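Peer 1: Starting off with a structure, shown below.
The values are calculated or read from the model by the stated rules, or taken from the named source; none is laboratory data. Keep in mind it's a predicted model, so treat the numbers as computed, not measured. Here the Cβ positions follow ideal geometry from the backbone for every residue, glycine too, while neighbour counts run over all protein chains shown. To get the accessible areas, we keep the full protein, side chains included, count just its heavy atoms, and leave off ligands, DNA and RNA. Shrake-Rupley method; radii C 1.70, N 1.55, O 1.52, S 1.80 Å.
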Amino acid sequence: MTADRRIGVVAVQGNVSEHVTAVRRAANENVDVVEIRDAGIVPDCDALVLPGGESTTISHLLDTQGIDEEIRAHAAAGKPVLATCAGLIVASNDARDDRVETLDLIDAAVDRNAFGRQVDSFEAGLDVAGLDDPFHAVFIRAPVVDEVGPDVEVLATWEDRPVAVRDGPVVATAFHPELTDDDRLHRLALFDPLRAEA
Ligand code: GLN
């Protein structure tokens, strides 16, 4: 992989700095990590992270800034995306909530706050397809995927419900891989595909 890869972290709202740190660590070499708050930057990015936060706010800001169409074009061109938590909700094609205008990157319907208000957050060791050892997953007001289309690969489940999925170039997790020191999911989603293509 060449050193001049540019990775964009969508930074309109949410867990941005943790992802910037995780991307730098996962890259294992020099990459340019840019925070995206305006239109015009996504087209120059080789891969994107769509962080967690508040999905209604993120989707609204992506729309008003005109970044939504650029992200759709990025994924349609087959370029990697890692979407986490609220990012999974925004990247889905049905958030079951009219306040979220989805990007339709993943053929999946999600249930926002699926674990309910009874369980605000929890941690679990998950087996993830493509990783040799369990991943320590931190769930915070997490969604789950309740329905997936035929081309969606379920990478991990929790209590029989999908919590990590892949649809073409897009990998999405209901949990927060940026909150641990384990950058295997950033590598799997962002850097393995870029290296494979180089
Ligand atoms: N429940 C939040 C939402 O619906 C997502 C939580 C998160 O990203 N930690 O947007």
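Peer 1: Viscosity 1.567 mPa s, temperature 4 °C: what is the translational diffusion coefficient of region 1-76 from Stokes-Einstein with a Kirkwood Rh over Cα pairs, rounded to a whole number of µm²/s?
Peer 2: Approximately 103 µm²/s, per Stokes-Einstein.
Peer 1: Given the C-alpha atoms of the chain, compute the convex hull and give its volume per residue in Å³.
Peer 2: Numbers: hull volume 20.5 nm³, N = 198.
Value for the chain: 104 Å³ per residue.
Peer 1: How much accessible area does Val12 have with a 1.4 Å probe, in Å² rounded to the nearest 10?
Peer 2: 30
Peer 1: Counting C-alpha atoms alone, how compact is region 90-198: give Rg to one decimal and Dmax as a whole number, in angstrom.
Peer 2: 13.7, 46
Peer 1: Using Cα centres only, tell me the gap between region 143-175 and region 69-96 in whole Å.
Peer 2: So the separation of the two Cα centres works out to 13 Å.
Peer 1: Can you say what percent of the DSSP beta bridges in region 1-135, counting only those with both residues inside, are antiparallel? Round to 5. Spell out each step's value before the answer.
Peer 2: On the way: 1 of 13 bridges.
Roughly 10 percent of the beta bridges in region 1-135 run antiparallel, per DSSP.
Peer 1: Let me ask something else. Rounded to two decimals, what ratio of Rg to Rh does region 67-147 give with C-alpha atoms and a Kirkwood Rh?
Peer 2: On the way: Rg = 13.9 Å, Rh = 13.9 Å.
Expressed as Rg/Rh, it is 1.00.
Peer 1: Sticking with this structure for a sec: Would you please give the residues with an amide H less than 5 Å from that of Arg96, counting only those at least 5 places away or on a separate chain, with H modeled from the backbone geometry?
Peer 2: Val110
Peer 1: Once you charge only the Cβ atoms, +1 for Lys and Arg and -1 for Asp and Glu, what is the size of the charge dipole of the chain about its Cα centre, to the nearest 20 debye?
Peer 2: The dipole of the chain has a size of about 320 debye.
Peer 1: Search the structure for amide H atoms under 5 Å from the amide H of Ala137, placed 1.01 Å from N in the peptide plane, and list their residues when 5 or more places away or on another chain.
Peer 2: Ala124, Gly125, Leu126
Peer 1: Before anything else, pin down the relative contact order of the chain: Cα pairs under 8 Å, at least 6 apart, normalised by residue count, whole percent.
Peer 2: 21
Peer 1: For the chain, what % of the accessible area comes from carbon and sulfur atoms, probe 1.4 Å?
Peer 2: Taking all protein chains in place, the chain shows 42 percent carbon and sulfur surface.
Peer 1: Relative contact order (percent) for region 24-120, with alpha-carbon contacts under 8 angstrom and 6 or more residues of separation?
Peer 2: Here the relative contact order equals 25 percent.
Peer 1: Give me the mean projected area, in nm² to one decimal, of the convex hull enclosing the Cα positions of region 115-154.
Peer 2: Mean orientational projected area (region 115-154, Cα hull): 3.5 nm².
Peer 1: In Å², and per residue, what accessible area does region 1-106 have when probed at 1.4 Å with the other protein chains present?
Peer 2: For region 1-106, the per-residue accessible area is 40 Å².
Peer 1: Amide H neighbours of Ala83 under 5 Å, counting only residues 5+ apart in sequence or on other chains, H built in-plane at 1.01 Å?
Peer 2: Leu50, Val171, Ala172, Thr173
Peer 1: May I ask you to list the GluC sites (Glu not before Pro) in region 115-198 that are in a DSSP loop and have at most 12 other Cβ atoms within 10 Å of their Cβ?
Peer 2: In loop regions of region 115-198 (DSSP not H, G, I, E or B), the sparsely surrounded GluC sites (Glu not before Pro) are Glu159.
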